[in-house]
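A.B. asks: Have a look at the structure that comes next, please.
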Amino acid sequence: MNYWLMKSEPDECSIDDVLAAAGQKTAWSGVRNYTARNFMRDSMKIGDGVFFYHSSCPEPGIAGLAEVASKAYPDKAQFERKSPYYDPKSKKENPRWVNVDVRALKKTRLVSLAELREHKPLAGMVTLRPGNRLSITPVTEAEWRYIKSKLL
């Protein structure tokens with residue numbers, strides 16, 4: 001099993017939105033970074049653990065627990081000319097961008113970015129590294145367990 005931290009802007013898709021959605025699932029769409037895309041395409045498996053992270057908001061942080069609910073599949077927005085995620089270089093026979101479905105499991109108290117930084121066992125977390133802007137980052141099993149047991 002792998003573990004991930006997946007960032008979403010809550011004004012576009014919050015943990016509450018996913019909990020209210022059919023099957024408590026959403027397509028993790030619009031990813032246009034090759035590293036994040038590769039995590040979804042090559043490494044994510046159904047059942048992997050996800051920290052649902054609210055970003056680009058007044059207080060960013062972990063807002064809930066989720067799981068990967070599908071294998072990667074083509075992001076249809078890449079083919080829609082009117083979509084902000086349209087990619088004219090992507091072809092249906094060889095799509096460049098993918099989604100996975102994510103199922104929300106529960107809302108948690110908000111564990112802020114500042115709070116995460118206060119804990120020495122989390123010092124190596126990819127998401128806490130200076131300059132990191134990835135919307136999807138791997139989380140080690142030790143980090144996953146620490147956050148679940150000590151902070152949530």
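The values are calculated or read from the model by the stated rules, or taken from the named source; none is laboratory data. A quick note: this is a predicted structure, and the numbers were derived from the prediction, not measured. Backbone-built Cβ (ideal geometry, glycine too); neighbour counts: all protein chains shown. Calculation scope for accessible area: heavy atoms of the full protein, side chains included, ligands and nucleic acids excluded. Shrake-Rupley method; radii C 1.70, N 1.55, O 1.52, S 1.80 Å.
A.B. asks: Of the heavy-atom accessible surface of the range 1-149 (probe 1.4 angstrom), what whole percent is carbon and sulfur? Walk me through the numbers on the way to the answer.
C.D. replies: Numbers: 4060 of 8170 Å².
About 50 percent, which is the carbon plus sulfur part of the accessible surface.
A.B. asks: Karplus couplings for the range 44-53 from phi (6.51 cos²θ - 1.76 cosθ + 1.60, θ = phi - 60°), rounded to Hz, Gly and Pro as x?
C.D. replies: After applying 6.51 cos²θ - 1.76 cosθ + 1.60, I find 6, 10, 4, x, 4, x, 9, 8, 8, 10 Hz.
A.B. asks: Could you order peptides 65-74, 34-43 by the average number of other Cβ atoms within 10 Å of their residues, highest first?
C.D. replies: Details: 65-74: 19.0, 34-43: 16.0.
Packing proxy ranking, top to bottom: 65-74, 34-43.
A.B. asks: For the modelled label position 7 Å from the Cα of LEU113 along Cα-to-Cβ, which residues of the range 7-30 have backbone nitrogen atoms closer than 16 Å?
C.D. replies: 7-11
A.B. asks: Here's something else I'd like to know. Taking only protein heavy atoms and a 1.4 Å probe, what accessible area per residue, in Å², does the chain have with all protein chains in place? Intermediate results must be reported in sequence, preceding the final value.
C.D. replies: Working: 8380 Å² over 152 residues.
Counting only protein heavy atoms, the per-residue value for the chain is 55 Å².
A.B. asks: Ordered by residue, what ³J(HN,Hα) values in Hz, to whole numbers, does the range 4-11 give under the Karplus form 6.51 cos²θ - 1.76 cosθ + 1.60, where θ = phi - 60° and Gly and Pro are x?
C.D. replies: 9, 10, 10, 8, 9, 7, x, 6
A.B. asks: Using 7 Å Cα-to-Cβ label points, what is the SER149/LYS76 separation (nm, one decimal)?
C.D. replies: For the pair SER149/LYS76, the computed spacing is 4.4 nm.
A.B. asks: Taking a threshold of 32 Å on the Cα-Cα distance, which of the pairs LYS76/LYS150; LYS7/LYS89; LYS91/LYS148; LYS82/LYS148; LYS25/LYS91; LYS45/LYS76 fall above it?
C.D. replies: Details: LYS76/LYS150 39 Å; LYS7/LYS89 26 Å; LYS91/LYS148 41 Å; LYS82/LYS148 41 Å; LYS25/LYS91 27 Å; LYS45/LYS76 20 Å.
Beyond 32 Å between Cα atoms: LYS76/LYS150; LYS91/LYS148; LYS82/LYS148.
A.B. asks: How many angstrom separate the Cα center of the range 98-143 from the Cα center of the range 45-81?
C.D. replies: That distance is 12 Å.
A.B. asks: Continuing with the same structure: Picking from LEU110, PRO84, TYR73, whose Cα lies most toward the positive end of the charge dipole for the range 70-113 (charges on Cβ: Lys, Arg +1; Asp, Glu -1)?
C.D. replies: Positive-most Cα among the choices belongs to LEU110.
A.B. asks: Please state the relative contact order of the chain as a whole percent: Cα pairs under 8 Å, 6+ residues apart?
C.D. replies: Details: 288 pairs, mean separation 46.8, N = 152.
So the answer I get is 31 percent.
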